[in-house]
Amino acid sequence: MSENLAVELENVSFAYTKENVLEKVNLQISQGDFASIVGPNAGGKTTLLMLLLGLLKPCTGKVKVLGKSPKKVRLRIGYMPQHIRLDLHFPITVMEIVLMGRLGKSLGVRYSKKDIKAALSALLQVNLVNFKDSLFIELSGGQMQRVLIARALCCNPDILMLDEPTSNIDAENEEALFEILKQLNKTMTILMVSHDIGFVSQFVKSVICVNRKVVVHPTSQVNGTLIKNIYGGDIRMVRHDHICSEKGHYND
Amino acid sequence: MIEFVQAIFNPDNQFLRLAAIIGILASLSFGIVGTYVVTRRISYLAGAISHCVFGGIGASLYLQQKTGILWIKPMYGAVISALIAAIVIGFVSLHVKEREDTVIGALWAIGMAAGILFIDRTAGYFDMASYLFGDILLISYSDITLVACLDILVVFISLFFYNKLIAVCFDHEFARLRGINVDFYFIVLLCMTALTVVLLIRIVGIVMVIALLTIPSAIAGQFSKRLWQMMLFSTLFCMVFSCFGLAFSYKYRFSTGPSIIIIAGFSYLAVLIGSNLLKKFKK
(Lines give C-alpha, C1' and ligand atoms only; values in the text may rest on other atoms or scores of the structure.)
Protein backbone atom coordinates (compact mmCIF):
# COMPACT_ATOMS: atom_id res chain seq x y z
CA MET A 1 0.00 0.00 0.00
CA SER A 2 1.98 2.90 -1.22
CA GLU A 3 1.32 6.58 -0.51
CA ASN A 4 2.02 7.20 -4.19
CA LEU A 5 -1.29 5.71 -5.07
CA ALA A 6 -4.24 8.07 -4.84
CA VAL A 7 -6.72 5.24 -4.96
CA GLU A 8 -6.41 1.49 -4.62
CA LEU A 9 -9.23 -1.03 -4.80
CA GLU A 10 -8.61 -4.68 -4.07
CA ASN A 11 -11.23 -7.26 -5.02
CA VAL A 12 -14.06 -4.90 -4.16
CA SER A 13 -17.64 -6.04 -4.61
CA PHE A 14 -20.74 -4.09 -3.70
CA ALA A 15 -24.47 -4.83 -3.73
CA TYR A 16 -27.39 -2.65 -2.62
CA THR A 17 -29.70 -5.65 -2.44
CA LYS A 18 -28.81 -9.08 -3.80
CA GLU A 19 -27.27 -8.42 -7.15
CA ASN A 20 -23.74 -7.09 -7.31
CA VAL A 21 -23.49 -3.57 -8.72
CA LEU A 22 -19.71 -3.86 -8.70
CA GLU A 23 -17.95 -7.17 -8.90
CA LYS A 24 -14.37 -7.99 -7.89
CA VAL A 25 -13.03 -4.60 -8.83
CA ASN A 26 -9.30 -4.07 -8.85
CA LEU A 27 -8.19 -0.55 -9.57
CA GLN A 28 -5.16 1.64 -9.03
CA ILE A 29 -4.95 5.34 -9.71
CA SER A 30 -1.65 7.09 -9.12
CA GLN A 31 -1.32 10.52 -7.66
CA GLY A 32 -1.39 13.32 -10.19
CA ASP A 33 -3.67 11.40 -12.51
CA PHE A 34 -6.72 12.91 -14.21
CA ALA A 35 -9.06 9.95 -14.43
CA SER A 36 -12.57 9.83 -15.81
CA ILE A 37 -15.05 7.17 -14.74
CA VAL A 38 -17.35 6.33 -17.62
CA GLY A 39 -19.97 3.69 -18.29
CA PRO A 40 -23.66 3.18 -18.98
CA ASN A 41 -26.37 4.36 -16.60
CA ALA A 42 -26.79 2.12 -13.57
CA GLY A 43 -23.43 0.58 -14.42
CA GLY A 44 -22.05 1.46 -11.00
CA LYS A 45 -20.18 4.74 -11.66
CA THR A 46 -21.70 6.68 -8.81
CA THR A 47 -21.48 3.63 -6.54
CA LEU A 48 -17.75 3.50 -7.23
CA LEU A 49 -17.43 7.17 -6.31
CA MET A 50 -19.45 6.68 -3.11
CA LEU A 51 -17.14 3.81 -2.14
CA LEU A 52 -14.11 6.01 -2.69
CA LEU A 53 -15.66 8.75 -0.58
CA GLY A 54 -16.42 6.28 2.18
CA LEU A 55 -20.15 7.04 2.02
CA LEU A 56 -20.72 3.38 1.17
CA LYS A 57 -18.87 0.37 2.57
CA PRO A 58 -17.81 -2.46 0.25
CA CYS A 59 -19.43 -5.86 0.84
CA THR A 60 -16.08 -7.54 0.23
CA GLY A 61 -12.59 -6.29 -0.55
CA LYS A 62 -10.60 -3.23 0.45
CA VAL A 63 -10.82 0.41 -0.56
CA LYS A 64 -7.79 2.59 0.13
CA VAL A 65 -7.52 6.27 -0.57
CA LEU A 66 -4.09 7.83 -0.11
CA GLY A 67 -3.05 4.57 1.53
CA LYS A 68 -5.73 4.69 4.23
CA SER A 69 -9.41 3.96 4.63
CA PRO A 70 -11.58 6.63 2.95
CA LYS A 71 -13.13 7.71 6.26
CA LYS A 72 -9.72 8.57 7.71
CA VAL A 73 -8.63 10.75 4.81
CA ARG A 74 -12.02 12.37 4.29
CA LEU A 75 -10.74 15.86 5.01
CA ARG A 76 -8.09 15.49 2.26
CA ILE A 77 -10.76 14.83 -0.38
CA GLY A 78 -12.63 17.60 -2.14
CA TYR A 79 -16.04 16.41 -3.33
CA MET A 80 -18.25 18.08 -5.88
CA PRO A 81 -21.82 16.75 -6.30
CA GLN A 82 -24.11 17.52 -9.23
CA HIS A 83 -25.87 20.82 -8.71
CA ILE A 84 -29.25 19.38 -9.68
CA ARG A 85 -29.16 17.11 -6.66
CA LEU A 86 -29.28 20.14 -4.36
CA ASP A 87 -32.28 22.22 -3.27
CA LEU A 88 -31.96 25.18 -5.61
CA HIS A 89 -34.58 27.17 -3.68
CA PHE A 90 -32.46 27.16 -0.56
CA PRO A 91 -31.81 30.83 0.33
CA ILE A 92 -28.03 30.83 0.27
CA THR A 93 -25.24 32.88 -1.30
CA VAL A 94 -22.25 31.67 -3.27
CA MET A 95 -19.90 32.71 -0.46
CA GLU A 96 -21.87 30.78 2.15
CA ILE A 97 -21.68 27.64 0.05
CA VAL A 98 -17.95 27.92 -0.61
CA LEU A 99 -17.28 28.52 3.09
CA MET A 100 -18.79 25.10 3.84
CA GLY A 101 -15.51 23.72 2.54
CA ARG A 102 -13.87 25.10 5.67
CA LEU A 103 -16.11 23.18 8.04
CA GLY A 104 -14.46 20.32 9.83
CA LYS A 105 -11.18 22.13 10.27
CA SER A 106 -12.57 24.54 12.84
CA LEU A 107 -15.41 24.49 15.34
CA GLY A 108 -17.46 26.22 12.67
CA VAL A 109 -19.39 28.51 15.02
CA ARG A 110 -18.14 31.54 13.16
CA TYR A 111 -16.00 31.69 10.06
CA SER A 112 -12.67 33.43 10.62
CA LYS A 113 -10.91 35.90 8.33
CA LYS A 114 -8.66 33.05 7.28
CA ASP A 115 -11.70 31.02 6.22
CA ILE A 116 -13.04 33.91 4.17
CA LYS A 117 -9.66 34.43 2.55
CA ALA A 118 -9.49 30.75 1.59
CA ALA A 119 -13.01 30.91 0.15
CA LEU A 120 -12.15 33.98 -1.91
CA SER A 121 -9.04 32.37 -3.34
CA ALA A 122 -11.06 29.27 -4.25
CA LEU A 123 -13.60 31.49 -6.03
CA LEU A 124 -10.74 33.20 -7.83
CA GLN A 125 -9.59 29.86 -9.23
CA VAL A 126 -12.99 29.26 -10.82
CA ASN A 127 -13.38 32.88 -11.96
CA LEU A 128 -16.40 33.62 -9.83
CA VAL A 129 -15.14 36.22 -7.33
CA ASN A 130 -17.58 38.79 -8.70
CA PHE A 131 -20.47 36.49 -7.89
CA LYS A 132 -19.57 35.93 -4.24
CA ASP A 133 -22.68 37.68 -2.93
CA SER A 134 -25.03 36.33 -5.59
CA LEU A 135 -27.75 33.90 -4.71
CA PHE A 136 -27.09 30.31 -5.77
CA ILE A 137 -30.40 30.11 -7.63
CA GLU A 138 -29.53 33.16 -9.77
CA LEU A 139 -26.55 31.38 -11.37
CA SER A 140 -26.45 29.34 -14.57
CA GLY A 141 -25.89 25.59 -14.41
CA GLY A 142 -22.23 25.97 -15.36
CA GLN A 143 -21.66 28.65 -12.72
CA MET A 144 -23.36 26.53 -10.05
CA GLN A 145 -21.05 23.67 -10.93
CA ARG A 146 -18.05 25.99 -10.62
CA VAL A 147 -19.26 27.18 -7.21
CA LEU A 148 -19.34 23.57 -6.07
CA ILE A 149 -15.81 23.07 -7.40
CA ALA A 150 -14.72 26.15 -5.46
CA ARG A 151 -16.29 24.67 -2.34
CA ALA A 152 -14.33 21.45 -2.92
CA LEU A 153 -11.14 23.48 -3.45
CA CYS A 154 -11.80 25.36 -0.23
CA CYS A 155 -11.20 22.03 1.54
CA ASN A 156 -7.60 22.29 0.33
CA PRO A 157 -7.76 18.72 -1.00
CA ASP A 158 -5.14 16.30 -2.32
CA ILE A 159 -7.76 14.57 -4.45
CA LEU A 160 -10.68 16.19 -6.20
CA MET A 161 -13.65 13.89 -6.80
CA LEU A 162 -16.31 15.19 -9.15
CA ASP A 163 -19.72 13.68 -9.90
CA GLU A 164 -20.69 14.42 -13.51
CA PRO A 165 -19.32 17.96 -13.60
CA THR A 166 -20.47 18.50 -17.17
CA SER A 167 -24.03 17.23 -17.01
CA ASN A 168 -26.69 19.89 -17.51
CA ILE A 169 -24.29 22.51 -18.81
CA ASP A 170 -23.67 23.62 -22.38
CA ALA A 171 -20.59 22.90 -24.50
CA GLU A 172 -19.07 26.36 -24.06
CA ASN A 173 -19.25 26.20 -20.28
CA GLU A 174 -17.96 22.67 -20.40
CA GLU A 175 -14.81 23.85 -22.11
CA ALA A 176 -14.26 26.58 -19.50
CA LEU A 177 -14.74 24.00 -16.79
CA PHE A 178 -12.15 21.64 -18.24
CA GLU A 179 -9.69 24.49 -18.59
CA ILE A 180 -10.04 25.05 -14.83
CA LEU A 181 -9.66 21.35 -14.08
CA LYS A 182 -6.55 21.17 -16.25
CA GLN A 183 -4.95 23.92 -14.17
CA LEU A 184 -5.96 22.20 -10.93
CA ASN A 185 -4.56 18.88 -12.12
CA LYS A 186 -1.07 20.38 -11.86
CA THR A 187 -1.36 20.26 -8.07
CA MET A 188 -3.90 17.55 -7.33
CA THR A 189 -5.27 14.22 -8.47
CA ILE A 190 -8.62 14.51 -10.22
CA LEU A 191 -11.17 11.76 -10.41
CA MET A 192 -14.49 12.38 -12.07
CA VAL A 193 -17.61 10.54 -13.13
CA SER A 194 -18.60 11.42 -16.65
CA HIS A 195 -21.98 10.93 -18.31
CA ASP A 196 -20.59 10.60 -21.82
CA ILE A 197 -19.67 7.05 -22.64
CA GLY A 198 -17.75 7.52 -25.84
CA PHE A 199 -16.03 10.86 -25.51
CA VAL A 200 -14.02 12.54 -22.82
CA SER A 201 -12.07 15.75 -22.70
CA GLN A 202 -8.57 15.83 -24.12
CA PHE A 203 -7.18 16.64 -20.68
CA VAL A 204 -8.21 13.30 -19.25
CA LYS A 205 -5.23 10.99 -18.84
CA SER A 206 -6.93 7.70 -18.10
CA VAL A 207 -10.41 6.33 -18.42
CA ILE A 208 -12.03 3.91 -16.02
CA CYS A 209 -14.87 2.00 -17.62
CA VAL A 210 -17.46 0.75 -15.19
CA ASN A 211 -20.18 -1.71 -16.01
CA ARG A 212 -20.33 -4.04 -13.04
CA LYS A 213 -16.68 -4.86 -13.81
CA VAL A 214 -14.04 -2.19 -14.05
CA VAL A 215 -11.48 -1.83 -16.83
CA VAL A 216 -8.91 0.90 -17.31
CA HIS A 217 -8.46 2.27 -20.83
CA PRO A 218 -5.90 4.68 -22.21
CA THR A 219 -7.08 7.67 -24.17
CA SER A 220 -6.06 8.06 -27.79
CA GLN A 221 -6.08 11.22 -29.83
CA VAL A 222 -8.78 11.78 -32.39
CA ASN A 223 -8.21 14.38 -35.06
CA GLY A 224 -11.52 14.07 -36.80
CA THR A 225 -12.97 17.46 -37.54
CA LEU A 226 -16.41 15.92 -37.58
CA ILE A 227 -16.30 15.06 -33.90
CA LYS A 228 -14.83 18.46 -33.18
CA ASN A 229 -17.81 20.06 -34.85
CA ILE A 230 -20.30 18.00 -32.94
CA TYR A 231 -18.76 18.55 -29.53
CA GLY A 232 -17.44 22.06 -30.06
CA GLY A 233 -13.98 21.27 -28.71
CA ASP A 234 -11.06 18.88 -28.79
CA ILE A 235 -11.80 15.44 -27.44
CA ARG A 236 -10.25 12.03 -27.19
CA MET A 237 -11.78 8.75 -28.16
CA VAL A 238 -11.83 5.71 -25.96
CA ARG A 239 -11.54 2.33 -27.58
CA HIS A 240 -14.42 0.16 -26.40
CA ASP A 241 -14.28 -2.27 -29.28
CA HIS A 242 -11.75 -4.71 -27.88
CA ILE A 243 -11.23 -6.79 -24.79
CA CYS A 244 -8.72 -5.57 -22.24
CA SER A 245 -6.79 -7.46 -19.63
CA GLU A 246 -7.69 -6.97 -15.96
CA LYS A 247 -4.84 -4.49 -15.51
CA GLY A 248 -5.85 -2.43 -18.50
CA HIS A 249 -3.50 -1.64 -21.35
CA TYR A 250 -1.30 1.13 -22.61
CA ASN A 251 -0.87 3.17 -25.74
CA ASP A 252 1.69 1.69 -28.05
CA MET B 1 -57.14 46.00 16.89
CA ILE B 2 -57.18 49.01 19.27
CA GLU B 3 -60.01 47.37 21.10
CA PHE B 4 -57.86 44.26 21.44
CA VAL B 5 -54.87 46.18 22.78
CA GLN B 6 -57.13 47.79 25.38
CA ALA B 7 -58.49 44.38 26.26
CA ILE B 8 -54.98 43.02 26.79
CA PHE B 9 -54.21 45.70 29.34
CA ASN B 10 -57.51 45.24 31.11
CA PRO B 11 -56.70 43.62 34.49
CA ASP B 12 -59.68 41.30 34.11
CA ASN B 13 -58.27 39.68 30.99
CA GLN B 14 -55.27 37.94 32.46
CA PHE B 15 -55.69 34.89 30.20
CA LEU B 16 -55.58 37.09 27.12
CA ARG B 17 -52.40 38.80 28.30
CA LEU B 18 -50.72 35.45 29.03
CA ALA B 19 -51.69 34.08 25.63
CA ALA B 20 -50.29 37.14 23.87
CA ILE B 21 -47.01 36.94 25.81
CA ILE B 22 -46.62 33.22 25.10
CA GLY B 23 -47.48 33.71 21.44
CA ILE B 24 -44.89 36.43 21.02
CA LEU B 25 -42.18 34.60 22.99
CA ALA B 26 -42.72 31.33 21.15
CA SER B 27 -42.63 33.04 17.75
CA LEU B 28 -38.86 33.37 18.08
CA SER B 29 -38.37 29.60 18.27
CA PHE B 30 -41.07 29.01 15.68
CA GLY B 31 -39.41 31.30 13.17
CA ILE B 32 -35.95 29.78 13.62
CA VAL B 33 -36.85 26.11 13.89
CA GLY B 34 -39.62 26.42 11.28
CA THR B 35 -37.03 27.67 8.80
CA TYR B 36 -34.84 24.61 9.39
CA VAL B 37 -37.86 22.30 9.13
CA VAL B 38 -39.01 23.84 5.85
CA THR B 39 -35.58 23.92 4.19
CA ARG B 40 -34.62 20.43 5.37
CA ARG B 41 -38.10 19.25 4.28
CA ILE B 42 -39.02 17.40 7.43
CA SER B 43 -42.45 18.85 8.19
CA TYR B 44 -43.88 15.32 8.04
CA LEU B 45 -41.51 14.26 10.82
CA ALA B 46 -42.44 17.36 12.80
CA GLY B 47 -46.12 16.45 12.41
CA ALA B 48 -45.46 12.97 13.78
CA ILE B 49 -43.56 14.42 16.77
CA SER B 50 -46.36 16.82 17.66
CA HIS B 51 -48.97 14.08 17.60
CA CYS B 52 -46.85 11.80 19.77
CA VAL B 53 -46.96 14.55 22.41
CA PHE B 54 -50.53 13.53 23.13
CA GLY B 55 -49.25 10.21 24.45
CA GLY B 56 -47.05 12.07 26.94
CA ILE B 57 -49.87 14.31 28.06
CA GLY B 58 -52.15 11.31 28.65
CA ALA B 59 -49.42 9.42 30.49
CA SER B 60 -48.66 12.31 32.82
CA LEU B 61 -52.34 12.87 33.66
CA TYR B 62 -52.66 9.18 34.43
CA LEU B 63 -49.50 9.08 36.55
CA GLN B 64 -50.46 12.25 38.38
CA GLN B 65 -53.70 10.66 39.50
CA LYS B 66 -52.32 7.18 40.24
CA THR B 67 -49.29 8.30 42.21
CA GLY B 68 -50.81 11.42 43.68
CA ILE B 69 -47.68 13.39 42.82
CA LEU B 70 -49.00 16.80 41.85
CA TRP B 71 -45.91 18.11 40.08
CA ILE B 72 -46.32 15.60 37.23
CA LYS B 73 -47.99 18.16 35.03
CA PRO B 74 -49.18 17.52 31.48
CA MET B 75 -46.67 20.04 30.13
CA TYR B 76 -43.72 18.08 31.53
CA GLY B 77 -45.14 14.91 30.04
CA ALA B 78 -45.44 16.77 26.75
CA VAL B 79 -41.79 17.87 26.80
CA ILE B 80 -40.49 14.39 27.66
CA SER B 81 -42.67 12.56 25.14
CA ALA B 82 -41.79 15.08 22.43
CA LEU B 83 -38.07 14.47 22.97
CA ILE B 84 -38.48 10.69 23.02
CA ALA B 85 -40.59 10.88 19.86
CA ALA B 86 -37.97 13.08 18.18
CA ILE B 87 -35.18 10.61 18.90
CA VAL B 88 -37.18 7.53 17.86
CA ILE B 89 -38.50 9.18 14.70
CA GLY B 90 -35.02 10.47 13.91
CA PHE B 91 -33.56 6.97 14.12
CA VAL B 92 -36.35 5.58 11.96
CA SER B 93 -35.75 8.26 9.36
CA LEU B 94 -31.99 7.61 9.34
CA HIS B 95 -31.94 3.83 9.44
CA VAL B 96 -35.18 2.45 8.02
CA LYS B 97 -34.59 2.58 4.30
CA GLU B 98 -37.77 0.83 3.23
CA ARG B 99 -41.21 2.32 3.88
CA GLU B 100 -39.82 5.02 6.14
CA ASP B 101 -42.96 7.13 5.73
CA THR B 102 -45.26 4.26 6.68
CA VAL B 103 -43.29 3.54 9.85
CA ILE B 104 -43.43 7.20 10.83
CA GLY B 105 -47.15 7.30 10.07
CA ALA B 106 -47.59 4.34 12.42
CA LEU B 107 -45.63 6.09 15.21
CA TRP B 108 -47.78 9.19 14.66
CA ALA B 109 -50.96 7.17 15.28
CA ILE B 110 -49.52 5.12 18.17
CA GLY B 111 -48.67 8.34 20.03
CA MET B 112 -52.21 9.63 19.71
CA ALA B 113 -53.81 6.30 20.58
CA ALA B 114 -51.62 5.81 23.67
CA GLY B 115 -52.68 9.22 24.95
CA ILE B 116 -56.36 8.39 24.62
CA LEU B 117 -55.95 4.98 26.32
CA PHE B 118 -54.18 6.64 29.26
CA ILE B 119 -56.98 9.17 29.56
CA ASP B 120 -59.56 6.36 29.46
CA ARG B 121 -57.97 4.92 32.58
CA THR B 122 -57.82 8.30 34.32
CA ALA B 123 -60.85 8.96 36.47
CA GLY B 124 -62.77 12.19 36.17
CA TYR B 125 -63.64 14.41 33.25
CA PHE B 126 -60.90 15.51 30.89
CA ASP B 127 -61.43 17.78 27.94
CA MET B 128 -59.29 16.28 25.19
CA ALA B 129 -60.23 19.04 22.78
CA SER B 130 -58.32 21.60 24.82
CA TYR B 131 -55.05 19.81 24.02
CA LEU B 132 -55.97 18.80 20.49
CA PHE B 133 -57.14 22.22 19.37
CA GLY B 134 -55.73 24.53 22.02
CA ASP B 135 -57.36 26.45 24.86
CA ILE B 136 -55.92 29.71 26.09
CA LEU B 137 -57.92 29.51 29.30
CA LEU B 138 -55.59 26.73 30.46
CA ILE B 139 -52.49 28.93 30.36
CA SER B 140 -50.91 29.82 33.68
CA TYR B 141 -47.94 31.94 34.78
CA SER B 142 -45.76 28.85 35.19
CA ASP B 143 -46.20 28.19 31.46
CA ILE B 144 -44.51 31.49 30.69
CA THR B 145 -41.41 30.41 32.60
CA LEU B 146 -41.33 27.11 30.73
CA VAL B 147 -41.82 28.78 27.36
CA ALA B 148 -39.10 31.34 28.10
CA CYS B 149 -36.58 28.66 29.15
CA LEU B 150 -37.22 26.45 26.10
CA ASP B 151 -37.09 29.53 23.90
CA ILE B 152 -33.64 30.48 25.18
CA LEU B 153 -32.39 26.91 24.73
CA VAL B 154 -33.69 26.59 21.17
CA VAL B 155 -32.39 29.98 20.09
CA PHE B 156 -28.98 29.31 21.62
CA ILE B 157 -28.54 25.91 19.95
CA SER B 158 -29.75 27.03 16.55
CA LEU B 159 -27.55 30.11 16.48
CA PHE B 160 -24.49 28.40 17.95
CA PHE B 161 -24.59 25.63 15.34
CA TYR B 162 -25.87 27.91 12.55
CA ASN B 163 -23.05 27.19 10.08
CA LYS B 164 -23.16 23.46 10.63
CA LEU B 165 -26.94 23.25 10.50
CA ILE B 166 -26.98 25.26 7.28
CA ALA B 167 -24.49 22.78 5.76
CA VAL B 168 -26.48 19.79 7.02
CA CYS B 169 -29.74 21.20 5.61
CA PHE B 170 -28.29 22.30 2.27
CA ASP B 171 -26.09 19.32 1.44
CA HIS B 172 -25.84 16.63 4.09
CA GLU B 173 -23.58 14.43 1.97
CA PHE B 174 -20.93 17.12 1.71
CA ALA B 175 -21.33 18.00 5.39
CA ARG B 176 -20.65 14.36 6.27
CA LEU B 177 -17.50 14.42 4.14
CA ARG B 178 -16.30 17.45 6.10
CA GLY B 179 -16.30 15.28 9.20
CA ILE B 180 -19.55 16.73 10.58
CA ASN B 181 -21.64 14.19 12.50
CA VAL B 182 -24.66 14.69 10.27
CA ASP B 183 -26.85 12.13 12.05
CA PHE B 184 -26.24 13.83 15.39
CA TYR B 185 -27.20 17.25 14.08
CA PHE B 186 -30.29 15.77 12.43
CA ILE B 187 -31.41 14.39 15.81
CA VAL B 188 -30.58 17.74 17.46
CA LEU B 189 -32.73 19.46 14.87
CA LEU B 190 -35.63 17.10 15.58
CA CYS B 191 -35.25 17.61 19.34
CA MET B 192 -35.40 21.38 18.83
CA THR B 193 -38.49 20.86 16.69
CA ALA B 194 -39.99 18.79 19.52
CA LEU B 195 -39.36 21.50 22.13
CA THR B 196 -40.70 24.20 19.82
CA VAL B 197 -43.87 22.28 19.06
CA VAL B 198 -44.57 21.97 22.80
CA LEU B 199 -44.31 25.75 23.28
CA LEU B 200 -47.55 26.54 21.52
CA ILE B 201 -49.60 23.42 22.14
CA ARG B 202 -51.55 25.32 24.79
CA ILE B 203 -52.66 27.92 22.27
CA VAL B 204 -53.04 26.20 18.89
CA GLY B 205 -53.23 22.56 19.95
CA ILE B 206 -51.48 19.38 18.82
CA VAL B 207 -53.33 19.00 15.55
CA MET B 208 -52.65 22.47 14.15
CA VAL B 209 -49.34 23.44 15.70
CA ILE B 210 -47.41 22.09 12.72
CA ALA B 211 -49.11 24.61 10.43
CA LEU B 212 -47.88 27.49 12.56
CA LEU B 213 -44.37 26.02 12.44
CA THR B 214 -44.18 25.78 8.65
CA ILE B 215 -46.48 28.46 7.20
CA PRO B 216 -44.58 31.55 8.42
CA SER B 217 -41.30 30.07 7.14
CA ALA B 218 -42.84 29.06 3.84
CA ILE B 219 -44.06 32.64 3.32
CA ALA B 220 -40.70 34.07 4.34
CA GLY B 221 -38.98 31.65 1.97
CA GLN B 222 -40.78 33.30 -0.96
CA PHE B 223 -38.62 36.39 -0.77
CA SER B 224 -35.77 35.77 1.67
CA LYS B 225 -32.28 35.77 0.22
CA ARG B 226 -30.49 34.32 3.21
CA LEU B 227 -31.38 31.73 5.79
CA TRP B 228 -31.14 34.19 8.69
CA GLN B 229 -33.46 36.56 6.83
CA MET B 230 -35.93 33.73 6.45
CA MET B 231 -35.71 33.12 10.21
CA LEU B 232 -36.22 36.78 11.01
CA PHE B 233 -39.20 37.23 8.71
CA SER B 234 -40.87 34.02 9.77
CA THR B 235 -40.52 35.08 13.42
CA LEU B 236 -42.27 38.34 12.57
CA PHE B 237 -44.99 36.57 10.60
CA CYS B 238 -45.53 34.13 13.44
CA MET B 239 -45.93 37.01 15.91
CA VAL B 240 -48.35 38.81 13.61
CA PHE B 241 -50.43 35.68 13.01
CA SER B 242 -50.70 34.84 16.70
CA CYS B 243 -51.61 38.39 17.72
CA PHE B 244 -54.14 38.89 14.94
CA GLY B 245 -55.60 35.44 15.56
CA LEU B 246 -55.96 36.22 19.23
CA ALA B 247 -57.60 39.57 18.50
CA PHE B 248 -59.91 37.99 15.93
CA SER B 249 -61.00 35.24 18.29
CA TYR B 250 -61.50 37.72 21.15
CA LYS B 251 -63.63 40.06 19.10
CA TYR B 252 -65.83 37.51 17.36
CA ARG B 253 -65.76 34.87 20.12
CA PHE B 254 -64.08 32.12 18.11
CA SER B 255 -61.61 29.47 19.32
CA THR B 256 -58.12 30.99 19.37
CA GLY B 257 -56.08 28.20 17.79
CA PRO B 258 -58.20 27.76 14.67
CA SER B 259 -58.44 31.56 14.28
CA ILE B 260 -54.63 31.83 14.21
CA ILE B 261 -54.31 28.96 11.74
CA ILE B 262 -57.04 30.33 9.44
CA ILE B 263 -55.31 33.71 9.27
CA ALA B 264 -51.90 32.11 8.67
CA GLY B 265 -53.26 29.67 6.10
CA PHE B 266 -55.12 32.26 4.07
CA SER B 267 -52.13 34.59 4.16
CA TYR B 268 -49.95 31.79 2.77
CA LEU B 269 -52.39 31.05 -0.05
CA ALA B 270 -52.65 34.76 -0.85
CA VAL B 271 -48.86 35.11 -0.99
CA LEU B 272 -48.55 32.03 -3.23
CA ILE B 273 -51.22 33.28 -5.65
CA GLY B 274 -49.79 36.80 -5.56
CA SER B 275 -46.23 35.72 -6.31
CA ASN B 276 -47.38 33.46 -9.14
CA LEU B 277 -49.37 36.30 -10.69
CA LEU B 278 -46.37 38.58 -10.31
CA LYS B 279 -44.16 36.10 -12.15
CA LYS B 280 -46.66 35.85 -15.00
CA PHE B 281 -47.04 39.62 -15.12
CA LYS B 282 -43.26 40.06 -15.38
CA LYS B 283 -43.08 37.69 -18.32
**OP:** Kyte-Doolittle cut-off 0.0, length cut-off 24 Å along the helix's own axis using Cα: show which whole DSSP H helices in chain B pass.
**Re:** B:14-40, B:43-67, B:74-95, B:100-120, B:141-160, B:182-199, B:201-221, B:227-252, B:256-282
**OP:** Leaving ligands, DNA and RNA out of it, work out the accessible area of B:F118 with a 1.4 Å probe and give it in Å² to the nearest 10.
**Re:** 80
**OP:** Taking all protein chains together and a probe of 1.4 Å, list B:V240, A:V98 from the most accessible to the least accessible.
**Re:** B:V240, A:V98
Original post:
How do B:E3, A:E19, A:E174, A:E96 rank by accessible surface area computed with a 1.4 Å probe, from largest to smallest?
Top reply: A:E19, B:E3, A:E174, A:E96
**OP:** Using the charge dipole of the protein assembly as shown (Lys, Arg: +1 at Cβ; Asp, Glu: -1 at Cβ; taken about the Cα centre), state which of B:G31, A:G54, B:L18 has its Cα farthest towards the positive end.
**Re:** A:G54
Original post:
trypsin sites (Lys or Arg not before Pro), restricted to the range B:118-196: which are DSSP loop and have at most 13 other Cβ atoms within 10 Å?
Top reply: B:R121
Original post:
Which entries of A:K18/A:K57; A:K186/B:K164; A:K114/A:K186; A:K24/A:K64; A:K18/A:K45; A:K18/A:K72 show an alpha-carbon separation above 20 angstrom in the structure shown?
Top reply: A:K186/B:K164; A:K114/A:K186; A:K18/A:K72
**OP:** Round to the nearest 10 and report in Å² the accessible area of B:M239, as given by a 1.4 Å probe over the protein chains' heavy atoms.
**Re:** 60
Original post:
Leaving out ligands, DNA and RNA but keeping every protein chain, what accessible area does B:I22 have, in Å² rounded to the nearest 10, with a 1.4 Å probe?
Top reply: 0
Original post:
How much space per residue, in cubic angstrom, does the convex hull of the C-alpha atoms of chain B take up?
Top reply: 150
Subject >> For the range B:176-283, with +1 on Lys and Arg beta carbons and -1 on Asp and Glu, the positive-most of B:I187, B:I210, B:L232 along the dipole >> reply: B:L232
Original post:
Quick one: putting +1 on the C-beta of Lys and Arg, -1 on the C-beta of Asp and Glu, what dipole do you get for the range B:1-139 around its Cα centre, in Debye to the nearest 20?
Top reply: 380
Original post:
If you take the Cα Rg of the range B:139-283 and divide it by 2.2 N^0.38 Å, with N the number of residues, what do you get?
Top reply: 1.20
Subject >> Radius, Kirkwood style, for the range B:118-185 when every pair of distinct Cα atoms is counted (Å) >> reply: 15.8
Original post:
Percent of alpha carbon pairs in the protein assembly as shown separated by more than 35 Å?
Top reply: 47
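The values are calculated or read from the model by the stated rules, or taken from the named source; none is laboratory data. Everything numeric in this text was worked out from a predicted model, so none of it was measured. Cβ: placed from backbone, ideal geometry, glycine included. Neighbour counts: every protein chain shown. Ligands, DNA and RNA are excluded from the accessible area calculation, which covers all protein heavy atoms including side chains. Shrake-Rupley method; radii C 1.70, N 1.55, O 1.52, S 1.80 Å.
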